[in-house]
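*Asks:* Supplied in structure tokens, the structure appears directly below.
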Amino acid sequence: MEKIPFTPEGGEQIELYVIETTTLGGIDYYLVTESEEGDCDCMILKDVSNIEDAEAVFEVVEDDSEADAVIGVFESLLDDVSIVTDDSSEIDE
């Protein structure tokens with residue numbers, strides 16, 4: 001499984017496993033997790049890199065409507081995955 005580096009705001013760089021990627025509206029989104037196997041927490045990152053950036057720059061998707069749209073795409077790409085949001089409501093498409 002592919003890994004990407006990510007530095008949380010105010011934290012140290014960590015390596016995240018990429019579960020799936022998609023592009024919406026010209027923006028690349030990544031469904032990532034810290035664990036390679038089993039049920040685990042995941043997050044959606046979007047690539048906000050500029051052409052002049054030497055490395056990819058990612059930020060966590062925090063906007064609810066943006067997250068819902070991307071979750072719907074990821075769930076349709078990954079038949080065996082169900083994504084549950086922080087408010088414990090399952091997203092079904």
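The values are calculated or read from the model by the stated rules, or taken from the named source; none is laboratory data. Keep in mind that what you see is a predicted model, and the values were worked out from it rather than measured. Cβ placement follows ideal geometry from the backbone for every residue including glycine, while neighbour counts extend to all protein chains displayed. Ligands, DNA and RNA are stripped out before the accessible areas are found, and what is left, the full protein with its side chains, is counted by its heavy atoms. Shrake-Rupley method; radii C 1.70, N 1.55, O 1.52, S 1.80 Å.
*Asks:* How many Å² of accessible area per residue for the chain, probe 1.4 Å?
*Replies:* 69
*Asks:* Picking from Gly25, Val60, Cys40, whose Cα lies most toward the positive end of the charge dipole for the chain (charges on Cβ: Lys, Arg +1; Asp, Glu -1)?
*Replies:* The Cα lying farthest towards the positive end belongs to Gly25.
*Asks:* Here is a further query. Take the Cα coordinates of the chain, assign each an equal point scatterer, and use the Debye formula without solvent to give log10 I(q)/I(0) at q = 0.19, 0.20, 0.24 Å⁻¹.
*Replies:* Taking Cα atoms of the chain as identical point scatterers yields -0.95, -1.05, -1.48.
*Asks:* For Ile14, put the label point 7 Å out on the Cα→Cβ axis and report which residues of segment 61-80 keep their amide N under 17 Å from it.
*Replies:* Those under the cut-off are 61-62.
*Asks:* Where does the chain land at 222 nm, in deg cm²/dmol rounded to the nearest 500, when only DSSP H runs of n ≥ 4 count, each adding -39500 (n - 2.57), divided by all residues?
*Replies:* Result for the chain: -5000 deg cm²/dmol, rounded to the nearest 500.
*Asks:* Next question, about the same structure. Please give me the summed charge of the neighbours of Asp80: other residues whose Cβ is under 12 Å from its Cβ, Lys and Arg +1, Asp and Glu -1.
*Replies:* -4
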